[in-house]
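Structure, as C-alpha cells:
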C-alpha cells in the first residue's frame, strides 16, 4: 500500500512543491535580516529536512513491507541456470 502511494503522481507533485518551497526559503536568506525572519527560515529548514528524510525513507519502507507481507515473498524470484551455449550463440554476430 505504501509503495503505491509513493509511486503516485500526487506524491511526486507534493515532493516537487516541497523542493520549490525549500528553494524559495533558502533564497530569502540575506545579510542583516531581521531576527524573526531568521528564526522563521531556520524552522522552515528543519521542516524541509524532515520532509526530505521522510521522502528518502518511504520507498525503502514501502518496498520492505511489500516484500515482507506478500506470501510467500520468495515466490516471485525466478532462479534459472544459464544454458550451456557457445559464445557465438549468445552474442550477436555484429559484436563478434
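The numbers here are math on the coordinates, done by the rules we state, and not lab data. These figures come from a predicted structure and were not determined experimentally. For neighbour counting, all protein chains shown are included, and Cβ atoms are generated from backbone atoms with ideal geometry for every residue, glycine included.
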Note to self: How far apart, in nanometres, would the label points at residue 43 and residue 15 be if each is projected 7 angstrom from Cα along the Cα-to-Cβ direction?
What the structure shows: 2.8
Item checked: Potential lengthening between residue 34 and residue 65 on full extension [0.36 nm per residue; Cα-Cα distance subtracted] -> 6.6 nm
Next item on the list: Rank these for me by crowding, 6, 19, going from fewest to most other beta carbons within 10 Å.
Entry: 19, 6
